[in-house]
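Peer 1: Here you go, one structure.
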Amino acid sequence: IMDDEIQFIDITDGALFYHADYITPGWAKTKQRTTEIGDHIFYRWDVK
């Protein structure tokens, strides 16, 4: 039986938040930075 799931590569490494690189929102220091793509910086929940 074939699985109908679509596979994709998450280039943000699980990011749920992002912002432009010319600002620094207050919440950014409470998140884990994952990557930067173009003018945007991506984050996910900080898991310790």
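Peer 1: Tell me which residues, restricted to segment 12-48, are small (Gly, Ala, Ser) and at positive phi.
Peer 2: GLY14, GLY38
Yes/no matrix, rows are residues, columns are (1) exposed (fewer than 14 other Cβ atoms within 10 Å of the Cβ); (2) touching a residue at least 24 places away in the same chain (Cβ under 8 Å); (3) of a type in the set (S, T, N, Q):
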position	(1), (2), (3)
ILE6	yes, no, no
ALA15	no, yes, no
TYR18	no, yes, no
TYR22	yes, no, no
THR30	yes, no, yes
THR34	no, no, yes
ASP39	yes, no, no
ARG44	no, yes, no
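We did not get these values from a lab; they are worked out from the coordinates using the rules stated. For clarity, every value in this text was computed on a predicted model and none was experimentally measured. Positions of Cβ are backbone-derived with ideal geometry, glycine not excepted, and every protein chain shown enters the neighbour counts.
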